[in-house]
Amino acid sequence: MARLVLLSGPSCVGKGPLVSALRRHHPELAGQLVPLVLHNSRAPRPGEADGVDYHFRPRAEIEELAASPEFVACDVRGDFQGLELAAIDQVLESGRDAFFEGNPFIPEMLREAGVLDRYPTLTVFLAPLTRQELVYLQDPARRVDLGRFVADVMRRKLLRRTVRQKTHLSQLDLADIERRATSAIFELGYAHRSEHVIANHDGEDSENWDAFYYPIGDAFLAMESFASLLRGERPSRVETWEADLVPMTD
């Protein structure tokens with residue numbers, strides 16, 4: 001049965017490389033997934049294509065579309081993103097899975113709009129830390145500011161990714177990195193709303209995805225875990241997070 005498959009997580013946690021690795025090493029599973037192309041108010045990054053990665057449109061145009069009940073949209077780390085709901089039906093009617101890969105805010109908008117109740121779904125959250133690590137870090141005896149800790153983890157990944165993409169960083173690049181890094185702890189607060197959480201330390205900055213053609217380390221484990229979920233299996237490495245594991249923050 002065709003499903004709505006949602007893969008979400010913080011910026012630079014490794015969602016894009018995970019999907020690329022799935023296409024390369026599990027083409028029979030990746031071929032069942034039809035990406036849902038969102039509207040996005042930001043400019044394309046190097047290598048991105050309009051209509052493939054996003055529909056890159058002015059913010060005012062997306063805000064106008066968002067006035068329709070058949071379009072969900074929200075602010076995503078300073079960008080305005082949205083999805084036309086008819087796109088889901090078009091994919092599912094073809095017998096293939098409608099696939100969203102991106103931030104956790106759009107899945108939350110779909111949940112609030114009751115869209116997830118209309119279809120069979122598979123919801124997966126890709127996290128930069130394991131449940132055990134989060135419990136360890138939040139022990140009061142360690143006096144760790146979890147938000148600062150997570151931001152530092154993601155900041156390093158984002159810096160390495162952006163340097164690889166652009167070489168020289170502008171003030172705007174640095175501001176965007178900081179916005180994404182500090183948003184990560186808030187986004188982790190949504191993880192428990194996904195059925196499955198895959199912990200992955202190899203973010204988009206990691207050579208473990210493709211430097212050796214085959215993924216290694218956490219990249220390999222994340223790919224295989226996601227592949228198992230798509231098959232309807234429940235791998236032992238996949239976690240379920242409780243609602244209060246990461247307190248929601250403003």
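Total residues in the stretch 181-237 satisfying the condition of being in contact with a Ser or Thr (Cβ under 7 Å, 6 or more places away or on another chain) and among the acidic types (Asp, Glu): the figure is 1. For the stretch 149-167, the set of residues classified as over 14 Å from residue 128 (Cβ atoms) and either among the charged types (D, E, K, R) or modelled with pLDDT of 95 or more (or both) consists of 159, 164, 166, listed by residue number. Of all residues in the stretch 10-45, those satisfying the criterion of being small (Gly, Ala, Ser) and surrounded by fewer than 22 Cβ atoms within 10 Å (Cβ to Cβ) are 16, 20, 30, 31, 41, 43.
Residue by residue, here is whether (1) over 27 Å from residue 169 (Cα atoms); (2) modelled with pLDDT of 95 or more; (3) within 17 Å of the chain's Cα centre (by Cα); (4) among the hydrophobic types (A, V, I, L, M, F, W, C) holds:
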residue: 15; (1), (2), (3), (4): no, yes, yes, no
residue: 34; (1), (2), (3), (4): yes, yes, yes, yes
residue: 48; (1), (2), (3), (4): no, no, yes, no
residue: 65; (1), (2), (3), (4): yes, no, no, yes
residue: 76; (1), (2), (3), (4): no, no, yes, yes
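Scanning the stretch 212-224 for residues that are assigned to a helix (DSSP H, G or I) and either under 18 Å from the mean Cα position of the chain (by Cα) or without any contact (Cβ under 8 Å) to a residue 12 or more places away in the chain (or both) returns 218, 219, 220, 221, 222, 223, 224. Return the residue satisfying two criteria in turn: it lies in the stretch 54-63 and is farther than 18 Å from residue 90 by Cα and surrounded by 13 or more Cβ atoms within 10 Å (Cβ to Cβ), and of such residues it is farthest from the chain's Cα centre (by Cα). Here the answer is 61. Can you name the residue in the stretch 237-250 that is surrounded by fewer than 17 Cβ atoms within 10 Å (Cβ to Cβ) and not β-branched (Val, Ile, Thr) and is also farthest from residue 198 (Cα to Cα) among such residues? Restricting to residues being surrounded by fewer than 17 Cβ atoms within 10 Å (Cβ to Cβ) and not β-branched (Val, Ile, Thr), the top hit is 250.
Enumerate the pairs (first residue in the stretch 134-158 and closer than 14 Å to residue 245 by Cβ; second residue anywhere and at pLDDT 95 or above and of a type in the set (Phe, Trp, Tyr)) with beta-carbon separation below 7 Å, excluding pairs fewer than 6 apart on the same chain, so at least 6 apart or on different chains. Pairs found: 137/149.
Scanning the stretch 217-236 for residues that are exposed (fewer than 15 other Cβ atoms within 10 Å of the Cβ) and not polar (S, T, N, Q) turns up 217, 231, 232, 233, 234.
Matching residues to (1) under 12 Å from residue 126 (Cα atoms); (2) in a loop (DSSP other than H, G, I, E, B):
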site	(1), (2)
147	no, no
159	no, no
174	no, no
180	no, no
210	no, yes
226	yes, no
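Restricting attention to the stretch 75-94, the residues that are loosely packed, with under 13 Cβ neighbours inside 10 Å, under 22 Å from residue 176 (Cβ atoms) and charged (D, E, K, R) total 1. Once the stretch 78-118 is narrowed to residues that are among the small types (Gly, Ala, Ser) and out of contact with any Leu (no Cβ under 9 Å at 6 or more places or on another chain), the residue that is modelled with the lowest pLDDT is 78.
In the set (1) more than 17 Å from residue 9 (Cα to Cα); (2) in contact (Cβ under 8 Å) with a residue 40 or more places away in the chain; (3) assigned to a helix (DSSP H, G or I), the condition left unmet by residue 94 is number (3).
The residue of the stretch 130-156 that is surrounded by the fewest Cβ atoms within 10 Å (Cβ to Cβ), among those that are closer than 30 Å to residue 5 by Cβ, out of contact with any helix residue (DSSP H, G or I) (no Cβ under 7 Å at 6 or more places or on another chain) and of a type in the set (A, V, I, L, M, F, W, C), is 135. Taken over the stretch 30-68, the criterion of being touching a helix residue (DSSP H, G or I) at 6+ places or on another chain (Cβ under 7 Å) and more than 15 Å from residue 101 (Cα to Cα) is satisfied by 41, 45, 46.
The values are calculated or read from the model by the stated rules, or taken from the named source; none is laboratory data. Predicted, not measured: the structure shown is a model, and the values here were computed from it. Cβ atoms come from the backbone with ideal geometry, glycine included; neighbour counts cover every protein chain shown.
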